[in-house]
Structures are given as structure tokens and as C-alpha cells.
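Working notes, beginning with the structure itself.
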Amino acid sequence: MDSQFVGLNATAEAIEVAIRPTGEMWKTDFADEDIAATARKLKHLQPRLVVLEGAGAFELPIAGMFAIYGLPFTIVNPRKVREFARAVGRISRFDNTQAGLLAHFGELIDPEPRPLPDELIEKLRHLRTRRDNVLEMLLLERTHVAEAPLSLRIDILRHINFIEQSITALNQEFNRTVRCSAAWR
């Protein structure tokens, strides 16, 4: 099989994936379970490289999950992507998909993947596991609040607020870990 290059564009609403040279494309919601499902599907495809654009924050949790799954990926500077688009005659981002452009960039430029060190991947795994555990606690507390007597609801609501803050902090640390890694440079 030929080497496959994957372009992935992430926004607040969706994850868009394009594969070259096959032309396969799909789009999914930007949600935890969809990020993990995308990583599993790509792991099965064994691409040569997954290209993400370092445009902001949405690519960080995806890159972290890709590192955990052992996928080869690179985060490219948006300026390089714009220059590439001009060079290949794609002035507008919208005449084709951004994910398709990123896959094309990967296929023609073939940038080096930037694997994370094992200790960083292990840190990401621990952060993700902890976040999943805290998320389970949140779901449990949300079911309790509906059934609890009024005298306990305030305490449960305070605990829910604390758990939500903890999840936010874990997400931020996960993203910060990816942003401070070699993958981002």
C-alpha cells in the first residue's frame, strides 16, 4: 500500500479528516469520544504522517491523543500552510477542505513527524486517565443532585462546581504539556 498522508483540521465544532492519496474524507464532532475514535481509526490505517495546523487550541487535545496512540504527527505553522496554498494555486481556503490542503501539504512537503519523549507520553496518559476518572465522578454527582433531598443539593452542587474546575485544570495541563513539547516547535 502507498504511504498515506492525513490532514486533520479541528475547530470548536468539528474534526475534519482527509487522506491522500485515497481521497477518503470524514467529519465528526469535536468531542472526547470522537477524538479517541479518530485516533483509533487512524491507528488502524497506519498513516505515514498526520498533519495538523497549529492554529490555536483545538489541535492540542488531538495531538496529545495521537501521541498516546503512537501516531506519527506534526503540527505545522499556519503561515507555511498559507504559503503552500498559494504555491499550489489554492488562494481561498474554501475551494477545498482545509483537511484536504493539510493532507496535500503532508504528501508534497513530507515534513518530519515530531514524536514526543516517552516520559511526556506517560504524563499525557496519566493526565487523561485522571481526567476520565474525575469526569466519572462528575457524572455520578449529577445523577445524585437530581435525587438528593434539598438539604444535600447545595453541597452536591458545590462539589460539582469543584469537579468541573478540576476537569478544566486537567484539560489545561494536558494542552500545556503538548504546547511545550517538541511537537509544537
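May I ask you to say which residue of Ala99, Ala57, Ala87, Ala103 is within 11 Å of the chain's Cα centre (by Cα) and on the phi < 0 side of the Ramachandran plot? Before you say what the answer is, go through the steps one by one.
Values: Ala99 fails: within 11 Å of the chain's Cα centre (by Cα); Ala87 fails: within 11 Å of the chain's Cα centre (by Cα); Ala103 fails: within 11 Å of the chain's Cα centre (by Cα).
Being within 11 Å of the chain's Cα centre (by Cα) and on the phi < 0 side of the Ramachandran plot holds for just one of Ala99, Ala57, Ala87, Ala103, which is Ala57.
Test each condition in (1) of a type in the set (Gly, Ala, Ser); (2) more than 21 Å from Ala14 (Cα to Cα); (3) in contact with an Asp or Glu (Cβ under 8 Å, 6 or more places away or on another chain) for Ala99 and report the one that comes out false.
Here Ala99 clears every test but (2).
Go through the residues of the range 140-149 one by one and say whether even a single one is surrounded by 14 or more Cβ atoms within 10 Å (Cβ to Cβ) and within 24 Å of Ala12 (Cβ to Cβ).
no
If the requirement is being crowded, with 21+ Cβ neighbours inside 10 Å and aromatic (Phe, Trp, Tyr), which of these qualifies: Phe30, Phe105? Spell out the reasoning first.
Numbers: Phe30 fails: crowded, with 21+ Cβ neighbours inside 10 Å.
None of the others qualify; the one that does is Phe105.
Within the bounds of the range 114-121, is there any residue that is acidic (Asp, Glu), loosely packed, with under 11 Cβ neighbours inside 10 Å and either touching a Gly at 6+ places or on another chain (Cβ under 9 Å) or more than 18 Å from Phe58 (Cα to Cα) (or both)?
yes
I'm trying to understand the selection: among the residues of the range 78-95, which are among the acidic types (Asp, Glu) and modelled with pLDDT under 90?
Asp95
The values are calculated or read from the model by the stated rules, or taken from the named source; none is laboratory data. Note that the structure is a prediction, hence the values are computed from the model and not measured. Cβ: placed from backbone, ideal geometry, glycine included. Neighbour counts: every protein chain shown.
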